[in-house]
Amino acid sequence: MSRPRILVVGAGPAGLMAAAEAADLGCAVTLVDEGERPGGQIHRQPPEPLPSAAPELPSEKARKARVLARFAAVADAIDYRPRTIVTAFYGLDQILLADPSASELAAADAVVLATGVHEFVVPFDGWTLPGVVTAGAVQAQLKGGAVRVGDRIAFVGTGPLPLVAASQALAAGAAVPAVVLLKPWWRLAAGPRTLWTGRTALGEGLRHLARLHRAGVRIYGGHVPVRAVGAAGVERLVIARHGGDGRPLSGTEIRIDVDTVAASFGFTANSDLARMAGAETRFDARRGGWLPVRDAWGATSVPGLFVAGDGSGVAGALAAAADGVVAGAAAAGWALHRDARRFAGRTTAAVAARAGHWRVPG
């Protein structure tokens, strides 16, 4: 008798942990991902033997190592398919996979979608000039290709990513004349409970901030990009203070000489496959737009379809890894026994960890 089949889509923290958990529970797991190596965007690995050019903090390295080690421990039991995408999803028995050379119609007893997010960028004058990129693209090139996208990079946007990416670009040898944030950086976390439950992420953020301050990087809180200026590419960025509504205040403009502008104004969940499969969705602007409606185990309105990680609501890598454990066990319970809570007892620690990370603002 063949083992129940589980398809996991996405090899970031949520997908890797879900695949490992389901394999441990005796399911035949196929893991597909568009990248060349496991890790996703946050734990992106360069092609071997190329080193990463994005220096990571010790805590970031340790977290990445734990996730990759968990996957490596069961990798021989998983059908891992890099450079593979899902192009259509019309039910658990009609899933179209495609790699660079062929397409395949697949079926599964349960599916875990761990498709993550993509960056949201607010257009501004000159945003289509060569040299205007996303902050995530700066990270991706550093981590995955040891490539620095510019020599003098200004980062603009909101949330922690512009600060983290700026710190990594600085450590890779780029000059960072400015980080321009919609809100002051100290408003990323508020309240004693958030500060405590989010102490790991907050500690990393403070270390990135310290790196920026040591290098004399100017951080403009409460400012927005007005326009990028240049002929063949970006030569200058104009920013201005805003009055609380995001609109620049006349007379507050500041001009900064740059060759690259990296922008990130939050994230949008990659929920396309869940919607294509018919899962119920709801709109939550703060957590990523149209999100699949799911229960505590990751189960959607489509029987056998589970979602995990940031694709079900932006919360970060720590939350995603814990959520992947929960969803992987739930998918295995469904595939083996038609009971998503069958293995809930082994995910108690992951549920508790996830709850703590969910309380930290994204």
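The values are calculated or read from the model by the stated rules, or taken from the named source; none is laboratory data. Just so you know, these numbers come straight off a predicted model, no measurement behind them. No Cβ is skipped: glycine too gets one built from the backbone with ideal geometry, and neighbour counts run over all protein chains shown. Surface areas here come from the heavy atoms of the whole protein model, side chains and all, with no ligands, DNA or RNA. Shrake-Rupley method; radii C 1.70, N 1.55, O 1.52, S 1.80 Å.
In this structure, is Leu305 open to solvent by 20 Å² or more (accessible area, probe 1.4 Å), of a type outside the set (Gly, Ala, Ser), under 15 Å from Leu7 (Cβ atoms) and at pLDDT 95 or above?
Considered against the rule, which asks whether it is open to solvent by 20 Å² or more (accessible area, probe 1.4 Å), of a type outside the set (Gly, Ala, Ser), under 15 Å from Leu7 (Cβ atoms) and at pLDDT 95 or above, Leu305 comes out as no.
I'd like the full set of residues that are more than 20 Å from Ala269 (Cβ to Cβ) and of a type outside the set (Gly, Ala, Ser), limited to the range 296-324.
Passing the criteria: only Pro303.
Pull up the range 87-114, narrow it to residues that are charged (D, E, K, R) and farther than 25 Å from Ala322 by Cβ, then point me to the one that is most open to solvent (accessible area, probe 1.4 Å).
Result: Asp93.
Please list, ordered by first then second residue, the pairs with beta carbon atoms under 7 Å, 6 or more apart or interchain, first in the range 244-273 and closer than 30 Å to Gly298 by Cβ, second β-branched (Val, Ile, Thr) and in a strand (DSSP E or B).
Partner pairs satisfying both residue conditions: Ser264/Thr134; Phe267/Val117; Thr268/Val117; Ala269/Val117; Asn270/Val117; Ser271/Thr281; Leu273/Val9; Leu273/Val86.
Kindly evaluate Val293 against the criterion of being within 19 Å of Ile42 (Cβ to Cβ) and modelled with pLDDT of 95 or more.
It is false that Val293 is within 19 Å of Ile42 (Cβ to Cβ) and modelled with pLDDT of 95 or more.
Residues of the range 161-192 being at pLDDT below 90, of a type outside the set (A, V, I, L, M) and assigned to a helix (DSSP H, G or I), which ones?
Of everything in the range 161-192, those that are at pLDDT below 90, of a type outside the set (A, V, I, L, M) and assigned to a helix (DSSP H, G or I) turn out to be Trp185, Trp186, Arg187, Pro192.
Restricting to the range 162-175, name every residue that is open to solvent by 10 Å² or more (accessible area, probe 1.4 Å) and more than 20 Å from the chain's Cα centre (by Cα).
Leu170, Ala171, Ala172, Gly173, Ala175
Which pairs have Cβ atoms under 6 Å, sit 6 or more apart or on different chains, and link a residue in the range 76-100 that is without any contact (Cβ under 8 Å) to a residue 24 or more places away in the chain to one that is open to solvent by 60 Å² or more (accessible area, probe 1.4 Å) and of a type in the set (Ser, Thr, Tyr)?
Leu96/Thr87; Ala98/Thr87
Scan the range 15-35 residue by residue and report those that are under 19 Å from Leu92 (Cβ atoms), small (Gly, Ala, Ser) and under 18 Å from the mean Cα position of the chain (by Cα).
Listed by number, the residues that qualify are Gly15, Ala18, Ala19.
If you take the residues in the range 314-342 that are surrounded by 24 or more Cβ atoms within 10 Å (Cβ to Cβ) and not in a helix (DSSP H, G or I), which one is modelled with the highest pLDDT?
Restricting to residues being surrounded by 24 or more Cβ atoms within 10 Å (Cβ to Cβ) and not in a helix (DSSP H, G or I), the top hit is Ala340.
Here is a yes/no grid of residues against (1) of a type in the set (Ser, Thr, Tyr); (2) more than 20 Å from the chain's Cα centre (by Cα):
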residue	(1), (2)
Tyr90	yes, yes
Asp93	no, yes
Ala98	no, yes
Ala110	no, yes
Val121	no, no
Leu129	no, yes
Val133	no, no
Ala146	no, no
Phe155	no, no
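Checking Leu212 against (1) open to solvent by 30 Å² or more (accessible area, probe 1.4 Å); (2) at pLDDT 90 or above; (3) of a type outside the set (Val, Ile, Thr); (4) more than 21 Å from the chain's Cα centre (by Cα), only one condition comes out false. Which one?
Going through (1) open to solvent by 30 Å² or more (accessible area, probe 1.4 Å); (2) at pLDDT 90 or above; (3) of a type outside the set (Val, Ile, Thr); (4) more than 21 Å from the chain's Cα centre (by Cα) one by one, Leu212 breaks only (1).
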